[in-house]
Amino acid sequence: MVKIVIIDDHQLFREGVKRILDFEPYFDVVAEGDDGEQAIQLYEEHHPDVVIMDINMPVINGVEATRRLIDRYPHAKIIILSIHDDESYVSHALQTGALGYLLKEMDADALVNAVKVVSEGGSYLHPKVTHNLVREYRQLIKEQHQQTVYQPVEIRRPLHLLTRRECEVLQLLADGCSNRTIGETLYISEKTVKNHVSNILQKMNVNDRTQAVVTAIKKGWVEVK
């Protein structure tokens with residue numbers, strides 16, 4: 001069982017998250033709280049596998065609570081919930097030790113997948129957040145070469161490693177698309193999309209979608225729009 005603590009000061013939203021997680025037979029929501037101070041207390045009491053925590057809360061906000069938890073318990077696995085998709089918020093949360101960052105506009109599948117991935121030691125970012133971080137990464141590369149004439153990266157699809165369909169899925173991941181959007185774009189089911197993503201991660205020897213996208217950008221395998 002994956003033991004979960006949910007911290008959010010909006011009770012209705014918190015109850016909705018709990019209801020989604022309760023449908024999963026291997027998830028167990030062991031406690032709930034409404035501020036960062038309670039997050040620390042509940043972690044010390046229950047030692048959950050995953051903490052799902054809102055970023056904006058009274059007393060102690062989610063980022064500061066994450067920092068304090070990681071200082072005391074370096075192996076704590078925390079997913080931040082937020083309405084902010086700005087890369088500064090995301091970077092700050094990840095720098096303090098969070099392994100996941102979800103926007104509150106997420107669907108149920110994203111929430112469930114995030115908990116599964118993070119509980120296994122991986123990281124999970126909302127697709128829109130991934131896209132924003134990729135744009136920031138590309139901008140940093142441009143700035144590093146600002147004293148030279150910028151040459152567009154030649155896109156070379158990794159057909160030596162991935163199938164053509166997997167290359168298409170990888171490009172859509174880089175575009176920040178969710179599994180549902182990828183399925184609608186390629187006219188395939190979400191289950192098939194998940195299988196393609198799993199194959200991509202395995203073949204690229206990476207742990208999560210974000211690592212796959214960053215690696216693909218570095219190698220010139222995808223176009224960053």
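The values are calculated or read from the model by the stated rules, or taken from the named source; none is laboratory data. No experiment lies behind these values; they were computed from the predicted model shown. Note that we place each Cβ from the backbone using ideal geometry, even for glycine, and neighbour counts take in every protein chain shown. These accessible areas exclude ligands, DNA and RNA; they are computed on the full protein's heavy atoms, side chains included. Shrake-Rupley method; radii C 1.70, N 1.55, O 1.52, S 1.80 Å.
Between helix 190-204 and the chain, what is the angle of the helix's C-alpha long axis to the longest principal axis, kept within 0 to 90° and rounded to the nearest 10? Result, in degrees: 70. Heavy-atom accessible area for R67, with the other protein chains in place and a 1.4 Å probe, reaches approximately 100 Å². Computed with every protein chain present, the accessible area of E166 is close to 10 Å² [probe 1.4 Å].
Extending 7 Å from Cα along the Cβ direction at Y187 and again at K203 yields two label points whose distance is 2.2 nm.
Taken about its Cα centre, the chain carries a charge dipole of about 1280 debye when Lys and Arg each add +1 at the Cβ and Asp and Glu each add -1 at the Cβ.
So what's the back-of-envelope 222 nm ellipticity for the chain, counting only DSSP H runs of four-plus at -39500 (n - 2.57) apiece and dividing by all residues, rounded to 500? When only DSSP H runs of four or more count, the value is -16000 deg cm²/dmol. Computed over all pairs of different Cα atoms, the Kirkwood value for the hydrodynamic radius of the range 164-219 is 11.0 Å. With a threshold of 20 Å on the Cα-Cα distance, the entries K116/K194; K18/K116; K77/K116 are all at or under it.
What percentage of the solvent-accessible surface of the chain, computed with a 1.4 Å probe over protein heavy atoms, is contributed by carbon and sulfur atoms? Percent of accessible area from carbon and sulfur atoms in the chain: 47.
Once Lys and Arg get +1 and Asp and Glu get -1 on their Cβ, which of A93, N61, T192 lies farthest toward the positive end of the dipole of the chain? Going by the charge dipole, the pick is T192. Please state, rounded to one decimal and in Å, the Kirkwood hydrodynamic radius that the chain gives when every pair of distinct Cα atoms enters the mean of 1/r. Evaluated on the chain, it is 18.4 Å. Within the full protein context, the accessible area of E168 is estimated at about 90 Å² for a probe radius of 1.4 Å.
Computed with a 1.4 Å probe over protein heavy atoms only, the accessible surface of the range 2-143 comes to 46 Å² per residue.
Label positions at V112 and D86, each projected 7 Å from the Cα along the C-beta direction, are separated by 3.4 nm. State, as an integer percentage, the relative contact order of the range 11-61 based on alpha-carbon contacts under 8 Å between residues 6 or more apart. Relative contact order of the range 11-61: 31 percent.
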